[in-house]
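Following: one structure in structure tokens, then a few remarks.
The values are calculated or read from the model by the stated rules, or taken from the named source; none is laboratory data. None of these values were measured; they are calculated from a predicted model. All Cβ positions, glycine included, derive from the backbone under ideal geometry; neighbour counts span all protein chains shown. Just the protein is used for accessible areas: all its heavy atoms, side chains included, with ligands, DNA and RNA removed. Shrake-Rupley method; radii C 1.70, N 1.55, O 1.52, S 1.80 Å.
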Amino acid sequence: MENPLKEKISEMKDWLVEIRRKIHMYPELGFEETETSKLVSEWLERFGFQVKKGWAKTGVVGLLEGRGPGKTVAIRADMDGLPLEEANPVPYVSRIKGKMHACGHDAHVAILLGVARFFSSIRNQVGGNIKWIFQPAEEGGGGGRVMVEEGVLENPKVDAIFGAHVFPFLPTGKVGIYEREGLAATDRFTIHILGKGGHAAAPHVSKDPILAAGHLITQIHAIVSRNINPLDSAVVTIGKVSGGTTFNIIPDEVELLGTVRSLNPEVREELKVRIEQVIQGVVCSLGMDYRLDYRRGYPVLVNDPEMSRLVASACSEGIGEKNVEVLKPSMGGEDFAYYLERCPGSFFRLGCRNEEKGIVHPYHSSLFNIDEEVLPFGVEMFVRIINRYLGLNKS
Ligand SMILES: [Zn+2]
Ligand SMILES: [Zn+2]
């Protein structure tokens, strides 16, 4: 096996596992990652980097200034866990009731610290700058947006940014890339259908919002199949319906909650317009009124194709082309999209599935886990990408 870089990084595997498990045992929710953030900044300081704390409340940024002028490359990890009770029978199971690292952000933090440790050991060979971004609140809180607004991509200005997510749908040892669109825009809505309650036996003197909801649910699903170009991607899902109290009462109102996903800004806008038109049409036809609260979530995550090719080629150098897969976009969301709106870069996947070890569960499951071999593997992939981008020595 001719891979000296892999061998060098494998020496830090125990340390990586220890860090990941420590974070895993004490998960913290979005914008509350104080202990995780402290652990991160202590290591970055120990590595001798410039460290700035307090970004977006708990975010941390480390900077390694290389010799002489050069480009600045950034890598990013998210730090938050989820409000979920862990069911894994492992010694490092979450010690915090009702909180769990069920998306692998513990691994992301450990991997980025591994990359930091690697470059701290060869810092005098680095030409250019490397910035480490540890952000809070990826799970819906948009910590990435806050970091970007606070100027994390400036001083020094970031020329390219890379981020990765562990991926339970690929075995460990494989990398997945997206050429352009990687993840969807994630908007959401709350609809209130405002009817007029009364006795169930006298519907003619009421306005039944439950009937309106029934029509609306079928109509709203026709938007994707009848208004959106079949070659574009879109999802409209109603995830919650609530209204009424018992069998013989027509309620005053019904509430519907849903999510809207799309992979380009035009489709995103069209969905928003059509959803409101459909609500208006259905509800008016039944003589009722409505209230709509439509909120934009994360934008579409769009990679720079050149940066995605760089990721594919740099990773292939270590693991062979056959272990780098081009993935179809996912209709999930990622707040890494905010960095990519301002700066070229690429978001990719690190396989963390291992059937033999029973590590097969999806994200946000109480049984989600990672094959810890992904930790040194992830470090190696980031090191290769950074080396390639900054034009450092090939190893
Ligand atoms: Zn997640
Ligand atoms: Zn995640």
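The helices (runs of 4 or more DSSP H) located wholly in region 280-391 that include 3 or more residues which are touching a Ser or Thr at 6+ places or on another chain (Cβ under 8 Å) occupy 305-319, 374-390.
When 379, 324 are screened for being aliphatic (A, V, I, L, M), open to solvent by less than 30 Å² (accessible area, probe 1.4 Å) and either under 30 Å from residue 65 (Cβ atoms) or free of Cβ contacts under 8 Å to residues at least 40 places away in the same chain (or both), only 379 passes.
Every test in (1) farther than 17 Å from residue 350 by Cα; (2) at pLDDT 95 or above is passed by residue 109 save one, and that test is (1).
If only one of 110, 102 is open to solvent by less than 10 Å² (accessible area, probe 1.4 Å), assigned to a loop (DSSP other than H, G, I, E, B) and on the phi < 0 side of the Ramachandran plot, which one is it?
Unique residue meeting the criteria: 102.
Scanning for something of a type in the set (S, T, N, Q), away from ligand 1 (no atom under 16 Å from the Cβ), open to solvent by 30 Å² or more (accessible area, probe 1.4 Å) and not in a helix (DSSP H, G or I), does region 164-181 turn up at least one residue? Yes. Only a single criterion out of (1) surrounded by 17 or more Cβ atoms within 10 Å (Cβ to Cβ); (2) touching a strand residue (DSSP E or B) at 6+ places or on another chain (Cβ under 8 Å) is not satisfied by residue 45, namely (1).
Within region 354-376, the set of residues being open to solvent by 30 Å² or more (accessible area, probe 1.4 Å) and within 16 Å of ligand 1 (Cβ to nearest atom) comprises 361, 362, 363, 364, 366, 367.
Pairing residues of region 192-214 that are of a type outside the set (Ser, Thr, Tyr) with residues that are at pLDDT below 95, at Cβ distances under 7 Å and at least 6 apart in sequence or on separate chains, gives no pairs at all. Considering region 70-99, the residues that are within 16 Å of ligand 2 (Cβ to nearest atom) and not in a loop (DSSP other than H, G, I, E, B) include one that is nearest to residue 28 (Cα to Cα), namely 82. When residue 126 is tested against (1) open to solvent by 30 Å² or more (accessible area, probe 1.4 Å); (2) under 28 Å from residue 392 (Cα atoms), just one condition goes unmet, and that condition is (1).
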